[in-house]
Every structure is written in C-alpha cells, then in structure tokens.
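Asker: Supplied in structure tokens, the structure appears directly below.
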Amino acid sequence: MDTLECSTRYPFILVHGTGFRDWGYWGRIPRALEQRGAKVFFGGQDGWATVEHNAELLKARIKEVMEETGCEKVHIIAHSKGGLDVRYMVSSLGMAPCVASVSLVSAPNHGSKTMDTLTRLPRWAFRLAGFFVNLWYRLLGDRHPDFCAVCGQFTTAWAEEFNRANPDEEGVLYRSYAGAMRSWRSDVFMWWQNLIIGLVEGENDGLVTAESAQWTGFQGVWRGAAGRGVSHMDEVDFRRRPLRRRGEVFDVVDEYIRMAAQLRELGL
C-alpha cells in the first residue's frame with residue numbers, strides 16, 4: 001500500500017455523516033491521503049441538518065475549494081448521511097459539472113426499516129428528543145439542526161422518493177461501499193444498534209445495512225480482519241489504529257488510499 005500514489009487531478013472533499021462535525025471525524029485518513037500527494041478538504045456541513053440544507057452548504061464549500069485550488073472539479077468521499085447530502089447536491093442543485101466522482105461509504109441509500117418503526121413512536125417523544133438535540137447542536141455550531149426532519153429522511157419511503165428524484169448524473173463516476181459487523185460483539189460502542197437492526201433488517205454495520213448502502217459502482221462489503229467485522233465507526237477510523245484478529249490485520253485507511261489511487265489511475 002505504501003507504493004500507491006494519491007496525487008489525483010482533482011482535490012478531495014470529505015463529507016461527514018449525521019451527528020458529527022468535521023473535527024477529528026476521519027481519523028488518520030486525511031493525513032494518509034495527503035502524504036501520498038492528495039489535496040484534502042472538508043465539507044463543513046451541519047451535523048443534524050436536513051439533506052437539502054446541508055447540500056446548499058456543500059455547494060458553497062465546493063465553489064470555495066475550486067476557487068482556492070484553481071481546479072474545475074472535485075472528488076467527494078462521503079460517509080453515512082453525507083452521501084445523501086452529496087447526491088442531492090449533485091443531482092438537484094446542478095453541481096454535476098463540478099464533481100468528478102462520488103464515493104459513498106455506508107450511505108443509507110435505500111433507507112432503514114428500523115427507522116420506519118421508530119418514526120411510528122408518539123410525535124411528542126420525537127419532538128422532545130429533537131428539542132434537546134437541536135439545542136445542543138446549535139451550541140456546537142449547527143445553523144439549522146432539525147432532528148425530527150432528519151429522522152424522517154432515513155425512512156424507506158423517503159429514500160424511495162429521493163432516489164426517483166435524484167438519479168445519478170452523467171459524467172460523474174459513482175462508487176459505493178458497505179461495512180458489516182460480524183456480530184454484536186464486533187464493536188462495544190455499537191453492539192445494541194447492530195443487534196436491533198440485525199433482528200429487523202439483517203447484516204449491518206451498526207447503523208446502515210449492507211443492502212441499503214449498495215448503489216452504483218458497488219465495490220463490496222468491508223468485513224475486517226479474519227471476518228471480525230467493520231462497524232459504522234470503524235469505517236471512518238474512529239479507533240485510529242488497524243483492526244486485528246487472529247493474526248490478520250485490516251486497516252480502513254488502506255481502503256481510502258486504494259480509492260484515491262484508482263481515481264489517479266483513471267486520470268481523474
């Protein structure tokens with residue numbers, strides 16, 4: 001992996017998922033890409049804003065990066081809901097001419113049956129949770145957090161309509177990736193989410209099923225060392241170290257290096 005070069009024609013913008021900001025989200029990944037020649041920037045969108053709002057922020061951010069670098073396009077690597085933000089921006093906000101590629105890592109492209117069930121809970125419960133989540137994220141810097149609306153955007157019905165309204169754009173290279181935990185024991189931080197989603201939907205990374213993550217240019221499921229599994233947090237190098245099991249090693253950083261190297265080979 002040390003021999004792979006990531007000095008692509010266009011710079012990268014890393015787009016985070018729900019509930020987080022850019023601070024430390026990507027672990028060792030940005031530095032590893034930069035050490036191999038890539039130019040790396042961050043999306044800077046809100047943690048709990050809707051797809052539509054975050055897409056507007058990303059549109060503005062891409063224009064900033066293009067002006068700063070002098071490049072006419074960018075590559076985007078998006079994790080989790082960040083993938084939906086990006087797809088909407090490309091397809092509905094007219095940004096396809098500015099985007100060379102979109103790499104979707106565990107994006108909930110087909111929604112979540114588990115969220116379908118959760119959204120049937122009493123509205124007052126969601127509104128109460130939303131009040132506290134929105135308040136906290138405003139303090140963290142979100143401009144328009146909307147917990148309740150975002151939860152609705154994880155349902156399968158919303159995803160179905162979203163996919164009809166936001167088809168892939170010609171001229172943009174799409175690739176998608178998924179992760180899967182071997183069992184609820186794979187990640188102490190995501191064990192209960194994996195268990196519940198597994199009972200309702202099947203194989204998942206603790207938040208998104210492998211089936212929901214599949215989109216155009218699907219590259220397969222990350223399963224980790226000796227089948228240990230790769231969780232939603234592992235996908236963005238939460239632990240800042242390779243995963244080891246039974247003498248085998250899986251380093252998610254290598255997967256991102258491979259993504260960039262493949263784009264370089266394509267002349268992008």
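Asker: Taking His16 as meeting all but one of (1) surrounded by fewer than 19 Cβ atoms within 10 Å (Cβ to Cβ); (2) within 13 Å of the chain's Cα centre (by Cα), write down the number of the exception.
Answerer: (1)
Asker: Of everything in the range 217-265, what is of a type in the set (D, E, K, R) and within 18 Å of the chain's Cα centre (by Cα)? Give them in sequence order.
Answerer: If the condition is that a residue be of a type in the set (D, E, K, R) and within 18 Å of the chain's Cα centre (by Cα), then Arg223, Asp234, Glu235, Asp237, Arg239, Arg240, Asp251, Asp254, Glu255, Arg258 are the ones that fit.
Asker: Is it fair to say Gly83 is under 16 Å from the mean Cα position of the chain (by Cα), on the phi > 0 side of the Ramachandran plot and of a type outside the set (Ser, Thr, Tyr)?
Answerer: In short, no.
Asker: Among (1) farther than 16 Å from Ala107 by Cα; (2) assigned to a helix (DSSP H, G or I); (3) in contact with a helix residue (DSSP H, G or I) (Cβ under 9 Å, 6 or more places away or on another chain); (4) not polar (S, T, N, Q), there is one condition Arg138 misses while meeting the rest; what is its number?
Answerer: Only one criterion is unmet by Arg138, namely (3).
Asker: (1) in a helix (DSSP H, G or I); (2) out of contact with any Asp or Glu (no Cβ under 6 Å at 6 or more places or on another chain); (3) not small (Gly, Ala, Ser): which one isn't true of Asn54, the others all being true?
Answerer: Going through the list (1) in a helix (DSSP H, G or I); (2) out of contact with any Asp or Glu (no Cβ under 6 Å at 6 or more places or on another chain); (3) not small (Gly, Ala, Ser), Asn54 breaks only (2).
Asker: Return a yes/no flag: does the range 76-89 have any residue that is in a loop (DSSP other than H, G, I, E, B) and closer than 23 Å to Ile197 by Cβ.
Answerer: yes
Asker: Moving on to the next point. When only residues in the range 203-235 that are in a helix (DSSP H, G or I) and either of a type in the set (Lys, Arg) or out of contact with any Phe, Trp or Tyr (no Cβ under 9 Å at 6 or more places or on another chain) (or both) count, which is nearest to Met181 (Cα to Cα)?
Answerer: Gly227
Asker: Give the number of residues within the range 132-150 that are farther than 29 Å from Leu173 by Cβ and either in contact (Cβ under 8 Å) with a residue 12 or more places away in the chain or buried (at least 16 other Cβ atoms within 10 Å of the Cβ) (or both).
Answerer: 13
Asker: Taking Asp46, is it free of Cβ contacts under 8 Å to residues at least 24 places away in the same chain and assigned to a loop (DSSP other than H, G, I, E, B)? Even if it seems obvious, please write down each step before you answer.
Answerer: Details: free of Cβ contacts under 8 Å to residues at least 24 places away in the same chain: no; assigned to a loop (DSSP other than H, G, I, E, B): yes.
So Asp46 does not fit the description; no.
Asker: Cβ-Cβ under 7 Å, sequence separation 6+ or interchain: first residue in the range 236-248 and over 17 Å from Arg182 (Cβ atoms), partner assigned to a loop (DSSP other than H, G, I, E, B) and charged (D, E, K, R). Which pairs?
Answerer: Asp237/Arg28; Arg240/Arg28
Condition check ((1) closer than 23 Å to Gly83 by Cα; (2) at pLDDT 95 or above; (3) buried (at least 23 other Cβ atoms within 10 Å of the Cβ); (4) touching a Cys at 6+ places or on another chain (Cβ under 8 Å)) across all residues:
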| position | (1), (2), (3), (4) |
| --- | --- |
| Phe189 | yes, no, no, no |
| Asn204 | yes, yes, yes, no |
| Gln214 | yes, yes, no, no |
| Phe218 | yes, yes, no, no |
| His232 | yes, yes, yes, no |
| Arg239 | yes, no, no, no |
| Glu248 | no, no, no, no |
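The values are calculated or read from the model by the stated rules, or taken from the named source; none is laboratory data. This is a predicted model, so every value here is computed, not measured. Cβ sites come from the backbone with ideal geometry, for glycine too, and all protein chains shown count toward neighbours.
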